[in-house]
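A short worksheet on the structure shown next.
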Amino acid sequence: MVTAQLVKELREKTGAGMMDCKKVLMETNGDMERAAELLREKGITKAAKKSDRIAAEGLVYCYLSDDKKVGVVLEVNAETDFVAKNEEFRTFVANTAKQIAIKSPKDVQDLLAEKSIDDSSKTIQEILTDKIATIGENMSIRRFERFESNGLIETYTHGDGKIGVLVDFSKGNPEVAKDVCMQIAAARPEYLNREAVPEDAVAHEMEILKAQAMNEGKPEQIAEKIVQGRIGKFYSEICLVEQEFVKNPDIKISELLKQNDAEIVRFARFEKGEGLQKREENFAEEVAKQIK
């Protein structure tokens, strides 16, 4: 059954019109992902990205060692943006990032089980539980990336903890490193280069591009040639080195790196709450509950 809520969600996710959203949802029996793809095939909307659905509150934090050889990007979620501005919460996040840099846990579960470097009598989980009790709101350590390099690590934080970027350079200089970090924050690449893009993702994109061309009235053989021309745009959007440099669109990031004798090994970009559904609250109902 296609509900008004489903139509609303698809519209927010894709930017397409209400009637277009309702039509494709009916065609796909309410399958949200297939409906988004169908909108793209019809040329009604651009690629729908789950990461556009920014929802949860909290903080993305970057830590960088003094010698720029170890870096961490960490996301800790909370229920409201008020907690994200709470000094006790922010101190906990900063201390946790430093813990990750020094102890190098393999994942969140390992991190939670570790004894704190600031208070060896407690684990990170126990400290987190204490913070939940004192601050009065549920919190969780969602994810982190830790890079250690023989070259240069650089970080960038945008919007007071909305976006965090971590980049590992095998060679480069601080100026170009900072420019690349800001590029990643602004342009949202998903992969370093074409070789890093999964084959199934490319094949899936080519299917959509072919459907677009055929819906434009092109014969199948012509549509296949059009796909080869359009797939380059796909790479230029999702691959860092193929993106136009935001500070100088006349060159690509690959050229920027070459000009500065710089080379990127890997990068991570966290955006607060990406992919998480925000809890919707009816404040009138909340007040009524409190009165009762």
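If you add up the charges near ARG269, with Lys and Arg at +1 and Asp and Glu at -1, over every other residue whose beta carbon is less than 9 angstrom from its beta carbon, what do you get?
-1
In Å and whole numbers, how far do the C-alpha atoms of region 101-251 stretch along each principal axis, longest first?
Rounded to whole Å, the extents work out to 70, 36, 27 Å.
Given springs between every Cα pair under 10 Å in a Gaussian network model of the chain, which of THR134, THR80, THR157 has the largest fluctuation?
THR134
Which of CYS62, CYS239, CYS21 ends up with the largest GNM mean-square fluctuation for the chain, with Cα atoms connected below 10 Å?
CYS21
Treating the beta-carbon of each Lys and Arg as +1 and of each Asp and Glu as -1, no other charges, what is the dipole magnitude of region 161-205 about its Cα centre, to the nearest 20 debye?
Roughly 300 debye for region 161-205.
Place +1 on the Cβ of every Lys and Arg and -1 on the Cβ of every Asp and Glu in the chain, take the dipole about the Cα centre, and give the residue among VAL24, ILE153, SER121 whose Cα lies farthest towards its positive end.
Positive-end residue among those listed: VAL24.
What net charge is computed for the residues neighbouring ARG146, neighbours being all others with C-beta under 12 Å from the C-beta of ARG146, Lys and Arg scored +1, Asp and Glu -1?
+1
State the dimensionless ratio Rg/Rh of region 195-243 (Rg: radius of gyration of Cα atoms; Rh: Kirkwood radius).
Looking at region 195-243, the ratio lands at 1.02.
Mind checking the per residue accessible area of region 87-161 for me, 1.4 Å probe, whole number of Å²?
Heavy-atom accessible area per residue stands at 52 Å².
Per-residue accessible area for LYS171 at 1.4 Å probe radius, Å² rounded to 10?
Estimated to the nearest 10 Å², LYS171 gives 90 Å².
Report the per residue volume, in Å³, of the convex hull enclosing the C-alpha atoms of region 213-267.
116
Run the reach check for LYS85 against aspartates and glutamates, Cα to Cα strictly under 16 Å, same-chain hits fewer than 8 apart removed. What comes back?
The reachable aspartates and glutamates, counting only those whose Cα sits under 16 Å from LYS85, are GLU57, GLU75, GLU137, ASP160.
From zero up to wherever the largest Cα-Cα distance of region 48-151 sits, split into 10 Å bins and tell me the percent of pairs in each.
Computed distribution, short to long bins: 15, 46, 31, 8, 0.
If packing is taken as the average number of other Cβ atoms within 10 Å across a peptide's residues, how do 254-265, 212-223 rank, most packed first?
Result, highest mean Cβ count within 10 Å first: 254-265, 212-223.
Using Cα springs under 10 Å in a Gaussian network model of the chain, which residue among SER65, SER120, SER170 shows the largest mean-square fluctuation?
SER120
Largest first, how would ILE153, ILE102 line up by accessible area (1.4 Å probe)?
ILE102, ILE153
Enumerate the whole-percent occupancy of each 10 Å bin, from 0 to the last occupied one, for all C-alpha pair distances of region 79-120.
All Cα pairs considered, the percentages come to 27, 47, 26, 0.
Taking the Cβ of ASP250 as the center, what net charge do the other residues with Cβ under 15 Å away carry, scoring Lys and Arg +1 and Asp and Glu -1?
-1
Specify which labelled value, from (i) 22.4, 70; (ii) 24.1, 78; (iii) 19.1, 57, agrees with Rg and Dmax of the Cα atoms in Å derived from the coordinates of the model shown.
Computed from the coordinates, Rg and Dmax of the Cα atoms in Å corresponds to (i).
Let me spell out the model: positive unit charges on the Cβ of Lys and Arg, negative unit charges on the Cβ of Asp and Glu, origin at the Cα centre of the chain. What dipole size does that give, in debye rounded to 20?
Taking the Cα centre of the chain as origin, the dipole is about 420 debye.
Ignoring ligands, DNA and RNA, what percent of the accessible area of region 19-152 is carbon or sulfur (1.4 Å)?
Using a 1.4 Å probe with all protein chains present, region 19-152 comes out at 46 percent carbon and sulfur.
The values are calculated or read from the model by the stated rules, or taken from the named source; none is laboratory data. Just so it is clear, the model here is predicted, and its values are computed rather than measured. Ideal geometry is used to build each Cβ from the backbone, glycine not excepted, and the neighbour counts take in all protein chains shown. The accessibility values were calculated without ligands, DNA or RNA, using every heavy atom of the protein model including side chains. Shrake-Rupley method; radii C 1.70, N 1.55, O 1.52, S 1.80 Å.
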